[in-house]
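Below is one structure, written out as structure tokens; comments come after it.
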Amino acid sequence: MRWAEMSVECAPEAVEAVSYAFLQAGCGGVMQRGENPVLVQGSLPVSDLLTPQIQALRRHLDRLPEFGLPPIYGAMTLRYVEDEDWANAWKQHFKPFRLGRRLVVKPSWETYTPTDDELILELDPGMAFGTGGHPTTQLCLRALEDHVTLDMTVADIGTGSGILAIAAANLGAATVYATDIDSLPRKIARENVARNGLEAIVHILEMEDFDAQARDCDLIVANIVANTIIEIAPSVVPRLKPGGIFIACGIVEEHHDLVQDALRAVGLVAQETLREDIWGCLISRRS
């Protein structure tokens with residue numbers, strides 16, 4: 001399959017909005033590099049829908065100043081790649097690395113000998129977001145280390161590569177339900193779950209099945225964007241047990257209070273905020 005890879009450079013304060021624009025255009029995930037400027041990349045399959053999708057993305061990006069955000073730097077670049085090209089690009093830069101106290105993210109093509117206390121998350125990210133390299137994923141992994149306990153039921157909204165669902169299972173969750181709005185990340189996440197031998201614990205579901213099955217959860221994690229967290233907040237609470245934990249990430253600093261207010265309005269009480277660079281991870285509990 002051929003893919004159209006779009007790239008833009010933007011200011012740090014515009015990263016969330018730019019990433020959201022890529023997701024709205026149909027990208028299964030985004031990749032971000034650098035600090036200032038930040039390079040944001042996303043890919044779409046080459047099909048009859050490609051031209052209107054790219055046009056919609058450009059219109060969305062052109063509107064950044066309307067929301068008080070700086071415009072992107074220069075023009076969006078576009079190149080066409082094959083599946084193999086994408087895979088090779090990841091393999092050049094993606095090496096095993098440790099996160100938090102015990103978690104080690106290991107690419108499927110690398111060898112690594114863990115120490116006795118390390119938990120291995122073996123991944124091939126493919127075209128999906130979630131290698132552990134982005135601050136939001138790292139914040140979520142830290143939060144999961146702190147809050148996942150044995151035999152929990154966990155839900156992962158916007159699973160991407162499946163990294164957070166796999167981490168939750170490795171940390172002791174008995175059942176993990178996960179989904180993504182796009183079919184490609186769901187496919188990649190299923191492959192990663194199988195790669196880790198966790199099919200009996202981690203269930204990558206279509207969105208309708210997730211809606212029906214992801215109930216009575218002890219913990220829910222969503223590493224997405226602030227606007228989407230606000231949008232889904234009313235549907236999170238019915239999925240959580242009383243006292244259950246909601247980990248919301250992908251929140252730039254200036255949107256923290258908006259998200260916290262939206263969560264409070266539906267009965268989720270803020271417990272803690274983890275921070276890395278401009279990003280925040282808001283941990284709340286159902287009252």
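Is the shape of segment 2-89 best called rounded, prolate or oblate, per the rule: a/c under 1.5 gives rounded, else a/b larger than b/c gives prolate, else oblate, with a ≥ b ≥ c the square roots of the Cα gyration tensor eigenvalues?
Oblate, because a/c is 1.5 or more while a/b does not exceed b/c.
In whole Hz, with x marking every Gly and Pro, tabulate ³J(HN,Hα) for segment 214-220 from phi via Karplus 6.51 cos²θ - 1.76 cosθ + 1.60, θ = phi - 60°.
Coupling constants for segment 214-220: 7, 10, 6, 8, 7, 8, 10 Hz.
How much length, in nm to one decimal, is gained on full extension between LEU78 and GLN55, taken as 0.36 nm per residue of separation minus their Cα-Cα distance?
Value of the extension gain: 7.1 nm.
Provide the FRET efficiency to the nearest 0.05 for the ARG33-ALA212 pair, computing r from the beta carbons and using R0 = 41 Å.
Given R0 = 41 Å and the Cβ-Cβ separation, E is 0.60.
Residue by residue through segment 241-253, which ³J(HN,Hα) values in whole Hz follow from phi under the Karplus form 6.51 cos²θ - 1.76 cosθ + 1.60 (θ = phi - 60°), with glycine and proline marked x?
The phi angles translate into 5, x, x, x, 9, 10, 9, 10, 9, x, 10, 6, 4 Hz.
With a Förster radius of 25 Å, plug the Cβ-Cβ distance of ARG98 and ARG195 into 1/(1 + (r/R0)^6) and report the FRET value to the nearest 0.05.
It comes to 0.85.
Applying a 10 Å radius around every beta-carbon, put 161-170, 137-146, 4-13 in order of their mean neighbour count, most first.
161-170, 137-146, 4-13
In whole Hz, with x marking every Gly and Pro, tabulate ³J(HN,Hα) for segment 10-19 from phi via Karplus 6.51 cos²θ - 1.76 cosθ + 1.60, θ = phi - 60°.
8, 6, x, 6, 9, 4, 4, 5, 5, 4
Can you bin segment 155-214 into rounded, prolate or oblate? Criterion: square roots of the alpha carbon gyration tensor eigenvalues sorted a ≥ b ≥ c, rounded for a/c under 1.5, prolate for a/b above b/c, oblate for the rest.
oblate
PHE97's amide H: which non-local residues (gap 5+, or another chain) put their own amide H closer than 5 Å, with H modeled 1.01 Å from N in plane and none for Pro or chain starts?
For PHE97, whose amide H was placed from the backbone, the distant partners under 5 Å are VAL105.
Report, in deg cm²/dmol and to the nearest 500, the calculated mean residue ellipticity at 222 nm for the chain, where each DSSP H run with n ≥ 4 adds -39500 (n - 2.57) and the sum is divided by the residue count.
-10000 deg cm²/dmol
If the cut-off is 29 Å between C-alpha atoms, which lysines fall inside it for LYS95, apart from same-chain ones fewer than 8 positions away?
Qualifying lysines at Cα under 29 Å: LYS106, LYS187.
Work through the residues other than GLU118 whose Cβ is under 9 Å from its Cβ and net out their charges, Lys, Arg +1 and Asp, Glu -1.
0
How are the alpha carbon pair distances in segment 105-247 distributed across 5 Å bins from zero to the largest one, expressed in percent?
Reading the bins upward from 0: 2, 11, 21, 26, 22, 12, 4, 2, 0.
Over segment 1-61, what is the mean sequence separation of C-alpha contacts under 8 Å (at least six apart), divided by residue count, expressed as relative contact order in percent?
42 percent
Computed from the coordinates by the stated procedures, all read-outs in this text should not be read as laboratory data. In this text, all values refer to a predicted model and were calculated from it rather than measured experimentally. Neighbour counts are summed over all protein chains in view; Cβ atoms, including those assigned to glycine, are modelled from backbone coordinates with ideal geometry.
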